[in-house]
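Colleague: Please find one structure pasted underneath; my questions will follow.
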Amino acid sequence: MTTTDLPRPVDADPKRAVAKKRPRGAGSGGLRRAVAPTTLLWILACLYGFPVLWFILSSLKPSSDLFSYPLTLVPHNPTLSGFKAAWESANFSQYFVNTAIVCVITTILTVGVSCCTGYALAKYDNKWLKVFFICILATTMLPSEVMLAPEFLVVRNLGLYNSFAGIILPAVLTATGCFMFRQFFLTVPDELVEAARIDGARELSIFLRIMVPLSRPIMLTLAILSFQWRWNDYIWPLLMLNDPNKFTVQIGIQSIVGAQNINWSVLLGASVISMIPLIAIFLVFQRYVMGADINAGLKD
């Protein structure tokens, strides 16, 4: 008997044989289910993006066209005079340097302190740590304006008034950062920590060599948020600083506003300039956000 005469094996499971035949149009159901959420997301993107687009395009209009009737979205005579006047009317280069110093130092300290605090709250079983965590969360229930007066008195009595340290230190510990790291470290399996302890690793080594690398996406997420918070902060630097050479970007933008009238073209140009670093940072680091695999190295 030749090989061509051998009988073909029959599939013992008839259901499996039927499943191999994919019905026509089987993938269309998933496509139809994706149309509604995709359309909703595009609608929300347009609703959020339209004011931003109007804001950016308005910064390209001359002052005479900003309030012309009827209002137009696209500028007829686009110009960069508002950006040039904003940059020349205020010491923006110094403002950018001051704000960058405050944001970078505060972000590094915030990420480090929040990471240590979140790890302790998540991996150590102590009733006082739970009480401490509740106290941290309780601070989120208070408006920031309520805490301005006592914080100002403490910073002034410490001799940190009119200094960058007076802006940085009160902003280091944030309840949001501690909560983010605690919730992340709770998802890390305890078997990973126990395996490291069995191998002879110390607590500091476990934290620095295992937990910190795993939490890199959370660190980058908090770093972006912290940088954004400090860059857009206005009230606290306004209270703490009285030296124009130490002003941040937001105070510098406020100094452009006159007492009697407002040059909207210059103000819009300065506002767009202040947005550029935030947009650049987000575009650079967005692909690193929330991309961790905490189960790497563990067996099922």
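Colleague: For the stretch 84-127, what percent of Cα pairs sit more than 11 Å apart?
Modeller: 72 percent
Colleague: Might you tell me the accessible area per residue for the stretch 47-120, computed with a 1.4 Å probe and given in Å²?
Modeller: Per-residue value: 56 Å².
Colleague: Sticking with this structure for a sec: Give me the log10 of I(q) over I(0) for the stretch 184-237 at q = 0.17, 0.19, 0.20, 0.30 Å⁻¹, as the Debye formula computes it from C-alpha points; what are the numbers?
Modeller: Results for the stretch 184-237 at q = 0.17, 0.19, 0.20, 0.30 Å⁻¹ read -0.63, -0.70, -0.74, -1.14.
Colleague: For the stretch 161-242, give the magnitude of the charge dipole about the Cα centre (Cβ charges: +1 Lys/Arg, -1 Asp/Glu; no others), in debye to the nearest 20. Numbers along the way, then the final one.
Modeller: Values: 6 positive and 6 negative charges, 43 e Å.
That gives a dipole near 200 debye.
Colleague: Please list the radius of gyration and Dmax for the stretch 39-172, considering alpha-carbon atoms only, with Å as the unit.
Modeller: Using the Cα atoms of the stretch 39-172, the pair Rg, Dmax is 22.9, 66 Å.
Colleague: What do you get for chymotrypsin sites (Phe, Trp or Tyr not before Pro) in the stretch 116-167 restricted to DSSP loop and a cutoff of at most 15 other Cβ within 10 Å of the site's Cβ?
Modeller: Details: sites: Tyr119, Tyr124, Trp128, Phe132, Phe133, Phe152, Tyr161, Phe164; in loops: Tyr124, Tyr161.
Answer in residue order: Tyr124, Tyr161.
Colleague: Using a 1.4 Å probe, how large is the accessible area of Asp65, given in Å² and rounded to the nearest 10?
Modeller: 40 Å²
Colleague: Something else now. Under unit Cβ charges (Lys, Arg +1; Asp, Glu -1), what dipole magnitude, rounded to 20 debye, does the stretch 114-182 have relative to its Cα centre?
Modeller: Approximately 240 debye in magnitude.
Colleague: Take the Cα atoms of the stretch 207-262, build their convex hull, and give its volume per residue in Å³. Intermediate results must be reported in sequence, preceding the final value.
Modeller: Values: hull volume 6.2 nm³, N = 56.
Convex hull volume per residue, Cα atoms: 111 Å³.
Colleague: With a 1.4 Å probe and all protein chains kept in place, how do Phe50, Phe55 rank by accessible area, largest first?
Modeller: Putting Phe50, Phe55 in descending order of accessible area: Phe50, Phe55.
Colleague: Show Trp236, Trp87, Trp229, Trp42 ordered by accessible area, largest first, where the area counts protein heavy atoms only and the probe is 1.4 Å.
Modeller: On the way: Trp236 20, Trp87 120, Trp229 85, Trp42 170 Å².
Final ranking, largest accessible area leading: Trp42, Trp87, Trp229, Trp236.
Colleague: Between Leu129 and Leu283, what length comes free when the chain is fully extended (0.36 nm per residue of separation minus the Cα-Cα distance, one decimal in nm)? Numbers along the way, then the final one.
Modeller: Numbers: separation 154, 0.36 × 154 = 55.44 nm, distance 3.70 nm.
In short, 51.7 nm is gained.
Colleague: Something else: Which three numbers, in whole Å and largest first, are the semi-axes of the equivalent ellipsoid of the stretch 193-294 derived from its Cα gyration tensor as √(5λ)? Before the final figure, lay out the partial values.
Modeller: Details: eigenvalues 377, 56, 11 Å².
Largest first, the stretch 193-294 gives 43, 17, 7 Å.
Colleague: Could you tell me which of rounded, prolate or oblate describes the stretch 103-151, using a ≥ b ≥ c as the square roots of the eigenvalues of the alpha-carbon gyration tensor, with rounded for a/c under 1.5 and, failing that, prolate when a/b is larger than b/c and oblate otherwise?
Modeller: Verdict is oblate for the stretch 103-151.
Colleague: Based on the alpha-carbon gyration tensor of the stretch 152-218, what equivalent-ellipsoid semi-axes (square roots of 5 times the eigenvalues) come out, in whole Å, largest first? Mind dumping the intermediate values first?
Modeller: Values: eigenvalues 262, 38, 17 Å².
Semi-axes, largest first: 36, 14, 9 Å.
Colleague: FRET efficiency for Ser63 and Ile276, Cβ-Cβ distance as r, R0 = 30 Å, nearest 0.05?
Modeller: Using R0 = 30 Å, I get an efficiency of 0.85.
The values are calculated or read from the model by the stated rules, or taken from the named source; none is laboratory data. Keep in mind that what you see is a predicted model, and the values were worked out from it rather than measured. Cβ atoms come from the backbone with ideal geometry, glycine included; neighbour counts cover every protein chain shown. SASA here: full protein model, heavy atoms, side chains in, ligands and nucleic acids out. Shrake-Rupley method; radii C 1.70, N 1.55, O 1.52, S 1.80 Å.
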